[in-house]
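All remarks here apply to the structure that follows.
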Amino acid sequence: MSQDDAMARAAAVQAKYTDELMRKKNVVGVAVGMVQEDNQPSNEVGLVVLVNKKEPWEQLAPEDRVPRQLDGVRVDVQEIGEIRAF
């Protein structure tokens, strides 16, 4: 799959699931971006779910767990801290 195809596919998944993902605990944004491996950017396009605080999977309520994949697109949860307006 080309990079453009991967971006288009991830954008479709973003449009479909953003509202659902934004209702989960700590989620502050959803974007199309590069998935990270060991906190380093990879070459894989995916859905990036931005959280103010990343918590262990097993400590989250089932309804607050972000899936690792949606419609075949990899999902990466990235902690960005608290967002504040200046």
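The values are calculated or read from the model by the stated rules, or taken from the named source; none is laboratory data. Remember, it's a predicted structure, so these values are computed and weren't measured experimentally. We place every Cβ from the backbone using ideal geometry, glycine too, and count neighbours over all the protein chains shown.
Close Cβ contacts (under 9 Å, 6 or more residues apart or on different chains) running from residues in the stretch 1-13 that are of a type in the set (Phe, Trp, Tyr) to residues that are at pLDDT 90 or above are absent. Close Cβ contacts (under 7 Å, 6 or more residues apart or on different chains) running from residues in the stretch 43-54 that are over 8 Å from VAL28 (Cα atoms) to residues that are small (Gly, Ala, Ser) comprise VAL45/ALA6; VAL45/ALA10; GLY46/ALA10; LEU47/ALA10; VAL48/ALA31; VAL48/GLY33.
Select the strands (runs of 3 or more DSSP E) contained entirely in the stretch 5-81, then report the ones holding at least 2 residues which are modelled with pLDDT under 90, out of contact with any Ser or Thr (no Cβ under 7 Å at 6 or more places or on another chain) and surrounded by fewer than 16 Cβ atoms within 10 Å (Cβ to Cβ). Step through it out loud before you land on a result.
Working: elements: 27-37, 40-51, 73-79.
Hits in the stretch 5-81: 40-51.
Considering (1) modelled with pLDDT under 95; (2) aromatic (Phe, Trp, Tyr); (3) outside any loop (DSSP other than H, G, I, E, B), the lone condition that PHE86 does not fulfil carries the number (3).
On the stretch given as the stretch 55-80, residues that are within 26 Å of MET7 (Cβ to Cβ) and in contact (Cβ under 8 Å) with a residue 12 or more places away in the chain total 13.
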